[in-house]
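Beneath this line is the structure, given in structure tokens, with notes to follow.
The values are calculated or read from the model by the stated rules, or taken from the named source; none is laboratory data. Nothing here was measured: the structure is a model prediction, and the numbers come from that model. Every residue, glycine as well, gets a Cβ built from its backbone with ideal geometry; the counts of neighbours run over all protein chains shown. Surface areas here come from the heavy atoms of the whole protein model, side chains and all, with no ligands, DNA or RNA. Shrake-Rupley method; radii C 1.70, N 1.55, O 1.52, S 1.80 Å.
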Amino acid sequence: MDAALGPPAKMADRTDDLTPMMAQYYELCAEYDDSLVLFQVGDFYEAFCDAAERVARLCEITLTKREDSTGEYPMAGIPIDNAESYIDRLLEAGYRVAVADQVEDPDQVSGVVERAVTRVVTPGTLTEDELLRTPDNNYVACLTAETAGDPGSQPTSDAGPTGYGLALLDVSTGDCYATAADRLDAVADELGRFAPAEAIVGPAAPADVFDGDCMVSPYERRAFDRDTARERVDAYFGVSDLASDAELRATGALLAYAEYTRGGAPEVGIEREGSDADTGAASTAGDAATATDPATASLDYINHLTRYDPREYMLLDRVALESLELFDRRAVHGRSGLTLVEVLDETACALGRRRLDDWLRRPLLDEERIAARHAAVEELAEAVTLRERLHDRLSEVYDIERLVSRVARGRANARDLRSLHDTLAVVPAVKAALADADCEPLVTLRENLDALADVRDLIDRAIREEPAAELTEGGVVKPVFDDELAALRETEREGKAWIDDLEASERERTGIDSLKVGHTSVHGYYIEVTDPNLDRVPDDYQRRQTLKNSERFVTPELKSREDEIISAEGRADDLEYELFCEVRRDVASESERVQALADRLARLDVFVSFATVAATHDYVRPAVGADRFDIVEGRHPVVERTENRFVPNDAVFDADSFVAVITGPNMSGKSTYMRQVALTAILAQAGSFVPAARARLPVVDRVFTRVGASDDIAGGRSTFMVEMTELADILGSATENSLVLLDEVGRGTSTTDGFAIARAATEHLHDEVGATTLFATHHHDLTAVADDLPGAFNLHFETETDPQDGGSVTFDHEIAPGSAAASYGVEVATLAGVPDPVVARARELLDDEGRDSVTPGSDAGETGPLGTDESPPAGTEDGDEGEREDGLDPETAAAIAAHVERLDVATMTPLGALNALAELKAELDD
């Protein structure tokens, strides 16, 4: 166990003697033993003992010490005002952080101040803007497993899972999803789609299905109890439509975990090593997993659960997302470029940016919904003035999803409420801009835009236009909002006005022109007189403070006025805070309406973004639902934005021609061509227009990619094993409605084995699956499938050779029917800067291999070792029947040659090759 977690060992043997404050710290460490506890002491969060040493090292702060009657303890503290930056470092180091705040006013209590954990900061439950950094969703996931037997019983590890429930929650926005899957690979696909930052798992649920960057922990068994989970789910969402008990338990446990991280249910925590699996008793105690404390833990803004079926959306697994570079660019030697989401992102606000991400991760399968999105984009693309007006208005919209979550949790300040007000003030202008909209999606958006006039009016009446950042020091609530507040502020104002006039009146009364009236936080108001004028001080002046060259005095009337001002100011500040909290609660009660507005503004923002990209970059509306791919002059949406010149290409695939074997030199454009076909399908089904002159597309249920080389050394998988795993997933999961991209298969093993695998995979996709397949390869013999398979055909990229420039090769990047003549690998090596002697030697070896090739039509370099002289021995002729160096008589040699001639190497499997070799050896033995 990490020594920084749990109760400090140094305090364990002296718990009865600990000071009250250190006893508090010890108890909180014991309650939250899965987290590193930061304990408020004044203006700092402190850690002690081993935790202090860890915090000091990770946060690069000074390690000090605390001494009391029980001993000396290492101590390290971080300033509360800048806590998030230090907490971020602890999260990056793999810790959860339990923040224990003072929950009592030190001025109002005698003795030790009570402290309690108000939040547990974890990678998947972040709500602070300083930690979230981007507007992207930040999910925490929960995975449960069902086993054979009573579907409502808790699974045990003795029986294999028969199904899984997956729930995902973005605590910062309230987005909550649930789904079910029969197979673990389907769970992996959904995790790849949502990319959670953190996950909890129930009994018998595997943890290794999550990505290595995801913090995964087992959770208390009691939280997964069906009845407990249903009670919690119903409390948040009412009667839910969850399809299975696995989904129900996953959702209920996830909500319990979210409450735990918000400072509720402190006894519930991560199930630690050594816990009792039968009773669910872990190192933490109590029974809070079975109950919700709405007063301290309930997250009321989480009020909508989306239960979805993965089959409702195009499936893009983690491999496809990475290969197609939708969200993350695969840097090469430290260089990175644009991603798909970046070239499409013309959104005006964080709401739209998050929704754009969601639509690209989950493209639609329903043709009517796709067409509705296209209709909205088309109208906005054609209406330039409307589009620009909407973009300008939407740019004034704050991230009200995250804002209202802070409001509901009681963590929003007055400036947050003014930001909400300013956003609500934009809505009437947005509705007015859409007054002439014709298409159904835009009309529906306009009609359903709720300006929340009552909420806006409440904030406008109550909160100052430029409120103070601190809530307890005044300057937050308008005095006119409350009569009592107005009276207190008037008393305060009159008192300060009297003091402002005091200096002039006292100068006149005393004749001391240098007399000053001032104020300090320690001594309050005073009248200052310099030493040369002390003999003119009136008798009613009372000395308050002596300075080097002057004295400070107070009069009974000034003291009375000061007391009056301080009393009124203090009471007014307290009343303002009470009134603010009341307003904040009233706004929080409208969270669901605010979230509905956020949803509509987000959709509108994406429509405007899609329309802007379409109009600016010459995209067209695709016809989705066709029985074929028919793309005219298609372009890669990212590459065309990063290159000075881009060559468009057509792409036509139908029931008669659906397996394309694509050959051509490296750098000619094979990978770009395949990816642009896939990206065109994704864009179309996400609701965007596409980069082409014309496009008719089928509905694609899933995009598969086997692109590039990667390994998983830590997981014990070589590059070739990763490649074969990806291929196995494709062959086992693809359907006739899938789009498959294969960029080299079988190149991580021997030429013979690799070609055999490539050929067999192509035949399977053609004969058994029927998926639209684009296969880029340097196995030139693979082009023979076009003659053998009716749905297969060849494509290649053109090249031009300049004999006047030493035979240099120019890539045209144009696709054409047929197969390429060569791979031009040496020419690419030349362009890459490979030294001239190496290039020259490579050409010599190629020339030798070309002369020595024994199989007409075979690819150079694939019939024998380069540089091996396989010509007849000196002094003999081909077919000469004289004595042979290998000792074979002419008759045997001729028989073996005839046997070899009959072999169909292009279609032979590895097993067939071994059998043929065995037969040849038998002939030699005879």
query = Tally time: how many residues in segment 158-196 are outside any loop (DSSP other than H, G, I, E, B), open to solvent by less than 10 Å² (accessible area, probe 1.4 Å) and of a type in the set (S, T, Y)?
reply = 1
query = Which of the following residues is surrounded by 13 or more Cβ atoms within 10 Å (Cβ to Cβ), of a type in the set (K, R) and under 30 Å from L126 (Cβ atoms): R493, R446, R409?
reply = R409
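Report yes if D460 is open to solvent by 50 Å² or more (accessible area, probe 1.4 Å), in a loop (DSSP other than H, G, I, E, B) and among the charged types (D, E, K, R), otherwise no.
For D460, the condition - open to solvent by 50 Å² or more (accessible area, probe 1.4 Å), in a loop (DSSP other than H, G, I, E, B) and among the charged types (D, E, K, R) - is not met.
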key: In segment 106-136, the residues that are of a type in the set (D, E, K, R), more than 17 Å from L169 (Cα to Cα) and in a loop (DSSP other than H, G, I, E, B)   = E114, R133
Qualifying residues in segment 805-854 (those that are touching a strand residue (DSSP E or B) at 6+ places or on another chain (Cβ under 7 Å) and of a type in the set (S, T, Y)) - the one modelled with the highest pLDDT = S819
query = List the pairs whose first member sits in segment 446-473 and is farther than 30 Å from L380 by Cα, whose second member is surrounded by 12 or more Cβ atoms within 10 Å (Cβ to Cβ) and hydroxyl-bearing (S, T, Y), and whose Cβ atoms are under 7 Å apart, counting only residues at least 6 apart or on separate chains?
reply = L471/Y577; T472/Y577
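When you check R571 against the structure, is it within 33 Å of the chain's Cα centre (by Cα) and not small (G, A, S), yes or no?
Here the answer is no, as R571 does not meet what is asked.
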task = Output the number of the condition that R493 fails; it satisfies all remaining conditions of (1) more than 27 Å from the chain's Cα centre (by Cα); (2) closer than 30 Å to T612 by Cβ.
result = (2)
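Among the listed residues F658, F629, F653, which satisfies the condition of being aromatic (F, W, Y) and within 22 Å of E325 (Cβ to Cβ)? Give the steps one after another, and end with the answer.
Numbers: F658 fails: within 22 Å of E325 (Cβ to Cβ); F653 fails: within 22 Å of E325 (Cβ to Cβ).
Sole residue among the options that is aromatic (F, W, Y) and within 22 Å of E325 (Cβ to Cβ): F629.
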